[in-house]
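Undergrad: Got a structure here, written out as C-alpha coordinates. Questions coming.
The values are calculated or read from the model by the stated rules, or taken from the named source; none is laboratory data. Predicted model, so just to flag it, every value in this text is computed and none were measured. Please note: Cβ atoms are built from the backbone with ideal geometry, for glycine as well, and neighbour counts cover all protein chains shown. Just so you know, the surface numbers come from the protein's heavy atoms only, side chains and all, with ligands and any DNA or RNA stripped out. Shrake-Rupley method; radii C 1.70, N 1.55, O 1.52, S 1.80 Å.
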Amino acid sequence: MFRKKSNPFYEKLKAINKRKPFLDKVKRAFYLGGFKYTSDGFEIIKNAIYQCELNSILSGQNYDAREDNIELYLIESDLEEVNLIVIFDPYELSAGEDLIGIIPCDKIILSKLNNIEQIFPLS
(Lines give C-alpha, C1' and ligand atoms only; values in the text may rest on other atoms or scores of the structure.)
Protein backbone atom coordinates (compact mmCIF):
# COMPACT_ATOMS: atom_id res chain seq x y z
CA MET A 1 0.00 0.00 0.00
CA PHE A 2 2.68 2.52 1.01
CA ARG A 3 6.07 2.55 -0.66
CA LYS A 4 9.12 2.96 1.52
CA LYS A 5 10.61 6.37 0.93
CA SER A 6 14.23 6.15 -0.17
CA ASN A 7 17.04 8.07 1.46
CA PRO A 8 17.79 11.50 -0.10
CA PHE A 9 21.53 10.74 -0.17
CA TYR A 10 20.84 7.56 -2.15
CA GLU A 11 18.53 9.51 -4.48
CA LYS A 12 21.43 11.90 -5.13
CA LEU A 13 23.67 8.97 -6.09
CA LYS A 14 21.01 7.57 -8.41
CA ALA A 15 20.57 10.96 -10.11
CA ILE A 16 24.31 11.24 -10.78
CA ASN A 17 24.34 7.63 -11.96
CA LYS A 18 21.82 8.51 -14.68
CA ARG A 19 24.34 10.98 -16.14
CA LYS A 20 27.52 9.00 -15.39
CA PRO A 21 26.80 5.31 -14.71
CA PHE A 22 28.82 3.87 -11.83
CA LEU A 23 26.27 1.98 -9.72
CA ASP A 24 25.96 -1.70 -10.55
CA LYS A 25 23.98 -4.14 -8.43
CA VAL A 26 24.31 -2.29 -5.13
CA LYS A 27 24.10 -4.52 -2.07
CA ARG A 28 24.63 -1.73 0.47
CA ALA A 29 25.37 1.99 0.33
CA PHE A 30 26.66 4.29 3.07
CA TYR A 31 26.96 8.05 3.47
CA LEU A 32 30.25 8.87 5.19
CA GLY A 33 30.08 12.65 5.36
CA GLY A 34 31.49 15.63 3.58
CA PHE A 35 33.73 18.63 3.82
CA LYS A 36 34.56 21.89 2.08
CA TYR A 37 35.72 21.45 -1.51
CA THR A 38 39.36 22.10 -2.34
CA SER A 39 41.15 21.45 -5.63
CA ASP A 40 43.30 18.77 -3.98
CA GLY A 41 40.41 17.18 -2.01
CA PHE A 42 40.36 14.00 -4.12
CA GLU A 43 44.09 13.42 -3.57
CA ILE A 44 43.68 14.05 0.17
CA ILE A 45 40.94 11.40 0.29
CA LYS A 46 42.98 8.85 -1.69
CA ASN A 47 45.99 9.34 0.59
CA ALA A 48 43.80 9.08 3.68
CA ILE A 49 42.42 5.73 2.50
CA TYR A 50 45.82 4.28 1.73
CA GLN A 51 47.19 5.51 5.07
CA CYS A 52 44.09 4.33 7.02
CA GLU A 53 43.32 7.90 8.12
CA LEU A 54 39.90 8.44 6.55
CA ASN A 55 38.22 8.76 9.98
CA SER A 56 40.56 11.55 11.01
CA ILE A 57 39.97 13.38 7.71
CA LEU A 58 36.18 13.15 8.12
CA SER A 59 36.17 14.12 11.79
CA GLY A 60 38.53 17.05 11.21
CA GLN A 61 36.51 18.63 8.41
CA ASN A 62 33.34 20.69 8.44
CA TYR A 63 30.50 20.46 5.96
CA ASP A 64 29.05 23.90 5.22
CA ALA A 65 25.94 24.10 3.05
CA ARG A 66 26.92 27.68 2.13
CA GLU A 67 30.09 26.43 0.37
CA ASP A 68 31.00 23.95 -2.36
CA ASN A 69 31.57 20.56 -0.72
CA ILE A 70 32.87 17.07 -1.32
CA GLU A 71 30.63 14.21 -0.18
CA LEU A 72 31.80 10.65 0.36
CA TYR A 73 29.79 7.49 -0.14
CA LEU A 74 30.78 3.85 0.22
CA ILE A 75 29.12 1.36 -2.13
CA GLU A 76 29.27 -2.42 -1.71
CA SER A 77 28.24 -4.44 -4.77
CA ASP A 78 26.62 -7.86 -4.74
CA LEU A 79 30.06 -9.16 -5.78
CA GLU A 80 31.44 -7.89 -2.42
CA GLU A 81 33.42 -5.12 -4.18
CA VAL A 82 33.67 -1.88 -2.19
CA ASN A 83 34.19 1.54 -3.77
CA LEU A 84 34.42 4.99 -2.28
CA ILE A 85 32.36 7.40 -4.39
CA VAL A 86 33.52 11.03 -4.27
CA ILE A 87 30.87 13.59 -5.22
CA PHE A 88 31.13 17.33 -5.84
CA ASP A 89 28.19 19.04 -4.11
CA PRO A 90 28.11 22.69 -5.23
CA TYR A 91 26.61 25.54 -3.27
CA GLU A 92 24.78 26.73 -6.39
CA LEU A 93 21.86 24.34 -6.77
CA SER A 94 21.59 25.07 -10.49
CA ALA A 95 25.03 23.50 -11.06
CA GLY A 96 23.99 20.09 -9.74
CA GLU A 97 26.11 17.42 -8.10
CA ASP A 98 28.79 15.62 -10.09
CA LEU A 99 31.02 12.58 -9.79
CA ILE A 100 34.63 13.47 -8.94
CA GLY A 101 35.96 9.94 -8.78
CA ILE A 102 35.72 6.36 -7.61
CA ILE A 103 38.33 4.76 -5.35
CA PRO A 104 38.37 0.96 -4.98
CA CYS A 105 38.68 -0.09 -1.33
CA ASP A 106 39.24 -3.21 0.68
CA LYS A 107 36.06 -4.46 2.38
CA ILE A 108 37.80 -4.12 5.75
CA ILE A 109 37.28 -0.34 5.47
CA LEU A 110 33.65 -0.83 6.54
CA SER A 111 34.72 -2.05 9.95
CA LYS A 112 37.20 0.80 10.42
CA LEU A 113 34.89 3.75 9.78
CA ASN A 114 33.10 5.72 12.48
CA ASN A 115 29.72 7.42 12.14
CA ILE A 116 28.62 6.02 8.81
CA GLU A 117 24.97 6.08 7.78
CA GLN A 118 23.53 3.20 5.77
CA ILE A 119 21.41 4.74 3.03
CA PHE A 120 20.55 1.56 1.10
CA PRO A 121 18.80 -0.68 1.76
CA LEU A 122 16.78 1.10 4.40
CA SER A 123 15.97 -0.98 7.45
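Undergrad: Out of the range 53-82, which GluC sites (Glu not before Pro) are coil in DSSP terms and have no more than 11 other C-beta atoms within 10 Å? Each step should come with its number before you reach the end.
TA: Values: sites: E53, E67, E71, E76, E80, E81; in loops: E53, E67, E80, E81.
Qualifying residues, ordered by number: E80.
Undergrad: For the chain, what percent of Cα pairs sit more than 21 Å apart? List each step's numbers first, then the result.
TA: Details: 2725 of 7503 pairs.
Cα-Cα pairs in the chain separated by more than 21 Å: 36 percent.
Undergrad: The range 1-46: which chymotrypsin sites (Phe, Trp or Tyr not before Pro) are DSSP loop and have at most 11 other beta-carbon atoms within 10 angstrom?
TA: F2
Undergrad: Ignoring any ligand, DNA or RNA, what whole percent of the accessible area of the range 75-123 comes from carbon and sulfur when the probe is 1.4 angstrom?
TA: 52
Undergrad: Among the trypsin sites (Lys or Arg not before Pro) in the range 17-95, which ones are in a DSSP loop with at most 15 other Cβ atoms within 10 Å of the Cβ? Mind listing them?
TA: Of the trypsin sites (Lys or Arg not before Pro), the ones in loops of the range 17-95 whose Cβ has at most 15 other Cβ atoms within 10 Å are K25, R66.
Undergrad: With a probe of 1.4 Å, find how much accessible area the chain has per residue, and write the answer as a whole number in Å².
TA: Numbers: 7720 Å² over 123 residues.
About 63 Å² of surface per residue is accessible.
Undergrad: Where the only charges are on Cβ atoms (+1 Lys, Arg; -1 Asp, Glu), what is the dipole of the range 12-104 about its Cα centre, to the nearest 20 debye?
TA: 320
Undergrad: Fully extended, how many nm does the chain gain between K107 and D24 (0.36 nm per residue separation, minus their Cα-Cα distance)? Present the calculation step by step, with values, prior to reporting the outcome.
TA: Numbers: separation 83, 0.36 × 83 = 29.88 nm, distance 1.66 nm.
Gain on stretching K107 to D24: 28.2 nm.
Undergrad: Could you check the spin-label model distance between K5 and S77? Points 7 Å from the Cα along Cα→Cβ, value in nm.
TA: About 3.2 nm, to one decimal.
Undergrad: Where is the GNM fluctuation largest for the chain (alpha-carbon springs, 10 angstrom cutoff): L13, L72, L93?
TA: Taking springs between Cα atoms under 10 Å, the residue moving most is L93.
Undergrad: Suppose R0 equals 25 Å; then what is the FRET efficiency for E43 and S123 from their Cβ-Cβ distance, rounded to the nearest 0.05?
TA: E between E43 and S123, to the nearest 0.05, is 0.10.
Undergrad: Follow-up. Assuming 1.567 mPa s and 4 °C, estimate D for the range 52-123 with Stokes-Einstein, Rh taken as the Kirkwood radius over Cα pairs, in µm²/s. If you can, show how the numbers build up before the last one.
TA: Working: Rh = 13.7 Å.
Calculated translational D: 95 µm²/s.
Undergrad: Under a point spin-label approximation (7 Å from Cα along Cα-to-Cβ), what is the N114-K36 distance to one decimal in nm?
TA: Going by the 7 Å Cα→Cβ label model, 2.2 nm.
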